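Right, one structure below, let's go through it.
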Amino acid sequence: MGIRDMLSEVATTYDRTAGSGRDVKGQQVLRAVANRTDLALPPGFWAKGHGGQTTPAATPWIGVFEENGQTDPKQGLYLAYIFSADLKNVSLTLQQGITWLETRLGKGKAREQHLRREAARLRRAIERQERQNWIDEPRFRDNADRPKAYEAASVIAKTYDTTALPSDVALMEDLLRGIGFLRLTKAVHQGLWESDGPEGVEISYDPGEHGTPSSDDPLANFLPKDSSDYKAEITGRQQVKRRSHEALVNDFGLHVVQRGFEPITRLQHPKDLVLRAQGAPKDSGEEWLVEAKVVRDGNPTQAVREAVGQLYEYQHFLYQKQPEPFLIGLFSEEIGAYAPYLEKCGIASIWRDGSGWDGSSRAREWGMTS
């Protein structure tokens with residue numbers, strides 16, 4: 001007995017049409033997982049089966065959790081064996097929690113887009129050679145919201161045929177690799193929670209749905225977020241997060257409006273800020289895309305790297321149906337030798353200079369700084 005027998009037993013006994021009662025064989029098998037002593041899981045890990053509560057799960061699954069780590073599958077990172085709806089496959093997948101996003105993003109496309117974006121970021125923590133024989137997203141063959149979200153939430157996965165499962169030794173080797181992936185990505189995931197963004201959640205939208213000025217007021221669509229600190233509860237501890245990012249966007253928006261530009265944040269997420277010339281025709285297509293970054297400990301390297309990556313990403317994916325924007329990296333302090341580097345990349349840079357603003361040659365040419 002072991003992991004192989006457990007997976008095989010679920011695949012051969014689970015019946016979605018039989019309900020979720022305690023007398024249903026497949027449900028009994030899943031509920032018994034937590035008490036099994038034959039799984040030989042690595043020290044400090046435990047498993048729990050899930051087959052739905054009042055409604056049977058379309059894709060039953062078994063979570064593998066670290067005793068001193070993430071134990072709530074609603075959020076965070078964890079490992080899981082998730083079965084496809086037809087029970088022909090089971091995938092060991094490094095999963096992001098999906099339930100906590102429902103109240104803010106709903107259960108459909110917006111949540112899936114967010115999960116895929118975060119999965120791609122987390123995946124970068126794993127060396128490409130380590131991903132050999134693993135895939136990004138498994139297929140669970142069900143169009144319901146939850147199975148589709150499980151697919152999108154997968155950082156990396158290994159899929160098996162339930163009629164030809166590997167040996168327990170091979171399954172354990174894969175599980176140990178999965179645990180390694182979990183630990184590699186944990187720090188990155190925590191970094192996303194502690195980023196300058198309000199809660200680390202980004203929402204995609206149709207690039208054609210830009211906000212348009214509703215009046216002659218150049219600040220009509222400038223609605224920056226609150227820049228005050230706020231508290232967040234993270235796994236049993238309270239943490240103060242700083243919204244200096246929002247203060248940077250707010251202060252620059254109020255500055256640039258005095259220089260003939262219209263700052264826009266309304267309906268622009270995930271963009272930090274968009275600028276258009278005041279009085280320009282709505283269909284002119286000319287705009288500036290601004291990505292704001294806070295420089296930490298006087299070292300601009302990370303801030304510059306992140307700004308470059310996001311500006312190019314947004315330019316490519318969000319401007320497919322309109323002219324490409326001018327690009328600006330906005331920083332909380334001077335970035336030194338990185339300013340000419342960004343100019344060479346086609347990106348202007350602007351930074352706080354005492355109580356005012358300074359910037360690269362391109363920014364000065366546009367009249368955004370002196």
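The values are calculated or read from the model by the stated rules, or taken from the named source; none is laboratory data. The structure displayed is predicted, hence computed values, not measured ones. Please note: Cβ atoms are built from the backbone with ideal geometry, for glycine as well, and neighbour counts cover all protein chains shown. Ligands, DNA and RNA are stripped out before the accessible areas are found, and what is left, the full protein with its side chains, is counted by its heavy atoms. Shrake-Rupley method; radii C 1.70, N 1.55, O 1.52, S 1.80 Å.
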Tell me which of these residue 54 doesn't satisfy, since it passes every other one: (1) surrounded by fewer than 16 Cβ atoms within 10 Å (Cβ to Cβ); (2) part of a strand (DSSP E or B); (3) not aromatic (Phe, Trp, Tyr).
(2)
Count - residues of the range 345-354 that are over 29 Å from the mean Cα position of the chain (by Cα) and either on the phi > 0 side of the Ramachandran plot or in a helix (DSSP H, G or I) (or both):
1
Evaluation of residue 334 against (1) buried (at least 19 other Cβ atoms within 10 Å of the Cβ); (2) more than 17 Å from residue 258 (Cα to Cα) (one fails), failing number:
(1)
Are any residues in the range 56-70 polar (S, T, N, Q) and either modelled with pLDDT of 95 or more or within 9 Å of residue 16 (Cα to Cα) (or both), and if so, which ones?
59
Considering only the range 45-62, state which residues are over 17 Å from residue 93 (Cα atoms) and among the β-branched types (Val, Ile, Thr).
54, 55
Out of (1) modelled with pLDDT of 95 or more; (2) open to solvent by less than 80 Å² (accessible area, probe 1.4 Å); (3) within 18 Å of residue 259 (Cα to Cα), what's the single condition that is false for residue 364?
(2)
Just checking, does the range 71-85 include any residue being open to solvent by 20 Å² or more (accessible area, probe 1.4 Å), at pLDDT 95 or above and either touching a Ser or Thr at 6+ places or on another chain (Cβ under 6 Å) or not in a loop (DSSP other than H, G, I, E, B) (or both)?
yes
Selection within the range 355-364 - assigned to a strand (DSSP E or B) and touching a strand residue (DSSP E or B) at 6+ places or on another chain (Cβ under 9 Å)
357, 358, 359
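Filter the strands (runs of 3 or more DSSP E) completely within the range 237-344 down to those with at least 1 residues that are farther than 20 Å from residue 366 by Cα and touching a helix residue (DSSP H, G or I) at 6+ places or on another chain (Cβ under 8 Å).
Once the strands (runs of 3 or more DSSP E) in the range 237-344 are filtered for at least 1 residues that are farther than 20 Å from residue 366 by Cα and touching a helix residue (DSSP H, G or I) at 6+ places or on another chain (Cβ under 8 Å), what remains is 288-293.
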Only residues in the range 1-21 that are in contact (Cβ under 8 Å) with a residue 40 or more places away in the chain and farther than 12 Å from residue 51 by Cβ count as the first member; pair them with residues that are part of a helix (DSSP H, G or I) and open to solvent by less than 50 Å² (accessible area, probe 1.4 Å), Cβ under 7 angstrom, at least 6 apart or cross-chain, and list the lot.
3/171; 3/172; 4/171; 6/33
Expected output for the range 84-99 (first residue farther than 17 Å from residue 179 by Cα, partner among the aromatic types (Phe, Trp, Tyr) and in a strand (DSSP E or B), Cβ below 6 Å, 6+ apart or cross-chain) is 90/81; 90/83; 90/160
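Whether any residue in the range 43-51 is within 15 Å of residue 172 (Cα to Cα) and not in a strand (DSSP E or B) is what I want to check. Walk me through it before giving the result.
Within the range 43-51, the subset within 15 Å of residue 172 (Cα to Cα) is 43-47.
Now narrow it down to the ones that are not in a strand (DSSP E or B): 43-44.
Checked the range 43-51: at least one residue is within 15 Å of residue 172 (Cα to Cα) and not in a strand (DSSP E or B).
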Take the residues in the range 31-40 that are touching a residue at least 24 places away in the same chain (Cβ under 8 Å) and more than 18 Å from residue 21 (Cα to Cα); name whichever of them is surrounded by the fewest Cβ atoms within 10 Å (Cβ to Cβ).
38
Tell me which residues, restricted to the range 290-305, are farther than 16 Å from residue 339 by Cβ and charged (D, E, K, R).
296, 297
Condition first: open to solvent by 100 Å² or more (accessible area, probe 1.4 Å), outside any helix (DSSP H, G or I) and either without any contact (Cβ under 8 Å) to a residue 12 or more places away in the chain or over 18 Å from residue 181 (Cβ atoms) (or both). Now tell me which residues in the range 101-133 satisfy that.
107, 127, 132
